[in-house]
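Novice: For reference, the structure I am asking about is given below.
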Amino acid sequence: MQRQSFFIGLGLTALTSLASLSVSIYPGFGQSTTSESQPNKVTFFCRQIFDKASGENIPATVAWIPERQGNIRFIGWKSEYFNKSGWTPEERCEKVAAKFQQSYDQGRLNYLSYGTTNGYPIICGLANQGETCNSSNQLFTIKSDSNPELILQRLTDISEGGTSVEILQSSGEQMYIAVQDFFKKTPLLNTK
């Protein structure tokens with residue numbers, strides 16, 4: 001059975017199963033864990049986290065939230081599905097963190113949503129509800145047989161501790177996650 005193309009936040013090992021939460025993280029990718037070294041703006045980067053399901057450290061896209069003086073986890077990269085395309089989990093983590101940062105800095109990361117580009121399902125960052133995903137706002141590609149709506153739902157579930165009604169929004173058939181609400185409600189990582 002092929003492993004899922006990525007591991008969202010706090011323990012998704014496949015589209016159909018969630019692993020338990022992990023509160024331990026390990027610094028990685030040259031990032032400091034002290035708030036004194038962090039900028040006074042939201043900053044996305046990669047960090048090694050412990051995946052309780054596999055018992056291994058994995059790279060994760062993390063965001064520093066200055067208003068909360070802490071980091072939140074967005075996506076843990078575990079699958080090697082994209083290795084055959086030249087993308088290791090570490091490389092995907094670094095690239096996606098850079099895309100999140102660029103979208104945020106340009107004011108285009110108010111909502112997360114999903115769509116398709118080049119025949120693959122994607123997760124994208126949007127400035128406004130009603131916009132559509134395309135290659136210019138794509139944050140990352142997911143495995144072709146993955147359900148992007150389910151992935152957004154699971155990301156929301158993680159931020160809400162299992163319930164997603166407060167930050168999940170929809171406009172017609174399309175689902176949107178308000179990123180600012182995600183910043184406010186997602187549990188902070190334990191940096192000790």
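The values are calculated or read from the model by the stated rules, or taken from the named source; none is laboratory data. Since this is a predicted model, take the numbers as computed values, not measurements. When we count neighbours, we look across all protein chains shown, and the Cβ atoms used for this are built from the backbone with ideal geometry, even at glycine.
Novice: Determine the pairs where a residue that is surrounded by 22 or more Cβ atoms within 10 Å (Cβ to Cβ), located within the stretch 88-107, has a partner that is small (Gly, Ala, Ser) and not in a helix (DSSP H, G or I) with Cβ atoms under 6 Å apart, the partner being 6 or more residues away or on another chain.
Specialist: Once the first residue is surrounded by 22 or more Cβ atoms within 10 Å (Cβ to Cβ) and sits in the stretch 88-107, its partners that are small (Gly, Ala, Ser) and not in a helix (DSSP H, G or I) give SER103/GLY125.
Novice: Okay, moving on. Going by the conditions given, is LYS99 under 13 Å from the mean Cα position of the chain (by Cα) and part of a loop (DSSP other than H, G, I, E, B)?
Specialist: no
Novice: Here is a follow-up. Would you kindly identify the strands (runs of 3 or more DSSP E) lying entirely within the stretch 108-192 that contain at least 1 residues that are at pLDDT below 90 and more than 16 Å from the chain's Cα centre (by Cα)?
Specialist: In the stretch 108-192, 120-126, 168-171, 174-178 are the strands (runs of 3 or more DSSP E) which contain 1 or more residues that are at pLDDT below 90 and more than 16 Å from the chain's Cα centre (by Cα).
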